[in-house]
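Rule-based calculations on the coordinates, nothing more; no lab input. If you're wondering where the values come from, they're calculated on a predicted model, not measured in any experiment. Here the Cβ positions follow ideal geometry from the backbone for every residue, glycine too, while neighbour counts run over all protein chains shown.
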Amino acid sequence: MARAKSVQKKTKEGKPTMSRVIHFEIPASDPERASKFYQKLFGWKIEKWPGPMEYWMVTTGADGVPGINGGLLRNTQVKTTTNTIGVDSVDKAIEAAKSAGGQLVMPKTPIPGVGYFAYCLDTEGNLFGVMQADQNAK
């Protein structure tokens, strides 16, 4: 197996930094019911996203407080909570995941006005997403 190439993000000065988990997704067969559950349980703010897909944005706390926000989506083929890692290039992240022994599950997909996204599996069968921010994505 070829040695995996890192897709670490870089600072403005070009120094490598670790790629971080930036978002989570919870699949639900009934997103409205799941929204009420998480609102009642944790006090999360959950709002339907006006974008091109059925999606609810989850705010788990105030800006500047440690933690991440996420989303709820209607159950599709994804049946597990998924973490998404921020990367500079989805294409490079996909290639790095494959060269490290992972698999591409969902190819690079644009989210209009947000960026590009893909799902991969790690060597243990865990699903994760990679996200490249790009407001010009169409």
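Couplings 3J(HN,Hα) of segment 60-76, computed from phi: 9, x, 6, 4, x, 9, x, x, 10, 9, x, x, 10, 9, 5, 3, 10 Hz, in residue order, whole Hz [Karplus 6.51 cos²θ - 1.76 cosθ + 1.60, θ = phi - 60°; x for Gly and Pro]. Antiparallel beta bridges, as assigned by DSSP with both residues in the chain, represent about 75 percent of the total such bridges. If you fit an axis through the alpha-carbon atoms of helix 90-99 and take the longest principal axis of the Cα set of the chain, what angle between them do you get, 0 to 90°, nearest 10? The two axes meet at around 60 degrees. Taken about its Cα centre, the chain carries a charge dipole of about 180 debye when Lys and Arg each add +1 at the Cβ and Asp and Glu each add -1 at the Cβ.
Considering only 69, 126, 83, the mean-square fluctuation computed in a Gaussian network model of the chain, springs between alpha carbons under 10 angstrom, is largest for 126. If you work out Cα extents along the principal axes in Å from the coordinates, which of (1) 106, 40, 27; (2) 45, 43, 27; (3) 47, 34, 29 do you get? From the options (1) 106, 40, 27; (2) 45, 43, 27; (3) 47, 34, 29, the structure gives (3). Taking every C-alpha pair closer than 8 Å and separated by at least 6 residues, the mean separation divided by the residue count of the chain gives a relative contact order of 24 percent.
Amide H contacts for residue 55 (H built 1.01 Å from N in the peptide plane; partners 5 or more residues away or on another chain; cut-off under 5 Å): 49. Between residue 23 and 84, the built amide H atoms are under 5 Å apart, and every one of these is 5 or more places off in sequence or on another chain. Close amide-amide hydrogen proximity is noted between residue 61 and no other residue 5 or more places distant or on a separate chain, at a cut-off under 5 Å (H modeled in the peptide plane; Pro and chain starts excluded).
Compared with the dominant principal axis of the Cα atoms in the chain, helix 31-42 is inclined by about 90°. 3J(HN,Hα) along segment 103-117: 10, 7, 9, 10, x, 3, 10, x, 10, x, x, 10, x, 10, 9 Hz, from the Karplus curve 6.51 cos²θ - 1.76 cosθ + 1.60 with θ = phi - 60°, whole Hz, x for Gly and Pro. For segment 20-77, the dipole from Cβ point charges (+1 on Lys and Arg, -1 on Asp and Glu) about the Cα centre works out to 120 debye, to the nearest 20.
Comparing 17, 49, 111 along the charge dipole axis of the chain, the residue lying farthest to the positive side is 17, per the Cβ-charge model.
Working note: Karplus 6.51/-1.76/1.60 with θ = phi - 60° gives segment 122-127 the couplings 7, 5, 9, x, 7, 7 Hz, where Gly and Pro are set to x. Taking 14, 67, 125 as the candidate residues, the one with maximal mean-square fluctuation in a Gaussian network model of the chain, Cα springs under 10 Å, is 14.
Taking 31, 112, 50 as the candidate residues, the one with maximal mean-square fluctuation in a Gaussian network model of the chain, Cα springs under 10 Å, is 50.
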